[in-house]
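The values are calculated or read from the model by the stated rules, or taken from the named source; none is laboratory data. As the structure is a computational prediction, the values presented were derived from the model and not from experiment. Glycine gets a Cβ as well: all are built from the backbone with ideal geometry, and neighbour counts include every protein chain shown.
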Amino acid sequence: MEQKILSQIGLTDSEQRVYLALLELGDSTRGQIVNKSKVAGSKVYELLEKLQEKGLVSIYSQNKVKHFKPVNPKQILNYIEAKKNEIITIEKEANSILPVLLGKFNASKEEQEVELLTGLHGLEIIFREQIDILNRGEICYVIGGTRGSDEVAVQAFFEKIHLLREQKKIKTRMLFNLKQKESTQKLYSTKKYPHTETRFIEHSSPVAINVYKDRTAIIIFGKEISTILIKSQDVANSFEEYFRMLWGIAKK
């Protein structure tokens with residue numbers, strides 16, 4: 001138990017052995033500590049100096065011989081408190097430089113990024129980010145696919161995401177197959193989702209497309225869901241233009 005706690009506060013295995021040996025011995029010389037701790041004699045001085053820096057050991061000379069004795073173990077609490085304050089200071093410093101680091105991170109990004117994510121977990125990552133980056137009143141354009149995977153799980157997922165979009169008052173324009181009109185209008189009724197508008201076209205595809213800001217998510221509903229996320233303003237603009245063309249000829 002003692003070694004576990006000492007390890008958690010940052011003492012190495014050798015430091016623990018020397019410290020515990022010194023607690024049992026009390027005021028000691030190097031040779032006594034080596035015999036008790038079973039640590040190599042060449043390392044003991046270095047380890048004792050490190051323990052002294054941590055405030056756990058005191059060192060003094062008597063008749064030109066170095067002696068070592070343990071400090072009251074309550075010092076461990078003071079050591080932990082000092083580490084805690086050190087972490088708080090580091091956290092503050094990290095927060096202060098974060099804007100600069102984020103600026104460099106964003107500046108170093110390529111103009112176009114493509115990611116491939118799989119399964120509902122991949123969709124969760126993409127759509128949680130979508131809700132996070134879209135502001136109230138901004139628009140998400142959706143061309144719905146004819147789903148071919150686990151229909152119930154997928155539908156439940158998209159209902160949850162759509163509700164979150166609605167709560168944030170994100171506008172959603174959705175294009176679906178005419179065959180899905182009755183079920184879709186019931187599911188995404190304007191009464192329940194006043195910020196959502198649906199229209200219908202003659203199309204059948206296992207692929208759904210979401211376009212928002214500079215993102216285009218292409219979702220393929222096969223045996224396993226695969227999602228291609230493209231981060232490019234040019235690509236998003238192109239798909240949005242394609243959406244608007246279909247929107248213009250779609251039926252309400």
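Side notes on the structure shown:
- Total residues in segment 21-57 satisfying the condition of being within 18 Å of Leu6 (Cα to Cα) and of a type in the set (Ser, Thr, Tyr): the figure is 1.
- Lys83 being part of a helix (DSSP H, G or I) and touching a Gly at 6+ places or on another chain (Cβ under 9 Å): yes
- Within segment 206-239, the residues that satisfy the criterion of being assigned to a helix (DSSP H, G or I) and either among the small types (Gly, Ala, Ser) or not assigned by TED's automatic domain parsing to the domain that holds Ile131 (or both) are Ala236, Ser238.
- Segment 113-131 residues that are in the same structural domain as Ile225 (by TED's automatic domain parsing), paired with ones that are part of a helix (DSSP H, G or I) (beta carbon under 7 Å, 6 or more apart): Leu117/Ile125; Leu117/Ile126; Leu120/Ala153; Leu120/Phe157; Leu123/Phe157; Phe127/Ile161; Ile131/Leu164; Ile131/Arg165
- Check on Leu246, at pLDDT below 90 and either assigned to a strand (DSSP E or B) or touching a helix residue (DSSP H, G or I) at 6+ places or on another chain (Cβ under 7 Å) (or both): no
- Within segment 1-34, the only residue that satisfies the criterion of being farther than 21 Å from Lys74 by Cβ, modelled with pLDDT of 80 or more, surrounded by fewer than 13 Cβ atoms within 10 Å (Cβ to Cβ) and not acidic (Asp, Glu) is Thr12.
- When we screen Glu115, Glu138 for residues that are acidic (Asp, Glu), surrounded by 13 or more Cβ atoms within 10 Å (Cβ to Cβ), modelled with pLDDT of 85 or more and more than 29 Å from Glu202 (Cα to Cα), the only hit is Glu115.
- Subset tally (residues that are within 15 Å of Asn210 (Cα to Cα), of a type in the set (A, V, I, L, M, F, W, C) and under 33 Å from the mean Cα position of the chain (by Cα)) for segment 162-188: 3
- Counting only residues that are surrounded by 13 or more Cβ atoms within 10 Å (Cβ to Cβ) and more than 15 Å from Leu48 (Cα to Cα), segment 63-79 holds 4 of them.
- Of all the numbered requirements in (1) at pLDDT below 80; (2) surrounded by 16 or more Cβ atoms within 10 Å (Cβ to Cβ), Leu47 misses one, and that requirement is (1).
- Glu182 being part of a helix (DSSP H, G or I), surrounded by fewer than 17 Cβ atoms within 10 Å (Cβ to Cβ), among the acidic types (Asp, Glu) and out of contact with any Cys (no Cβ under 6 Å at 6 or more places or on another chain): yes
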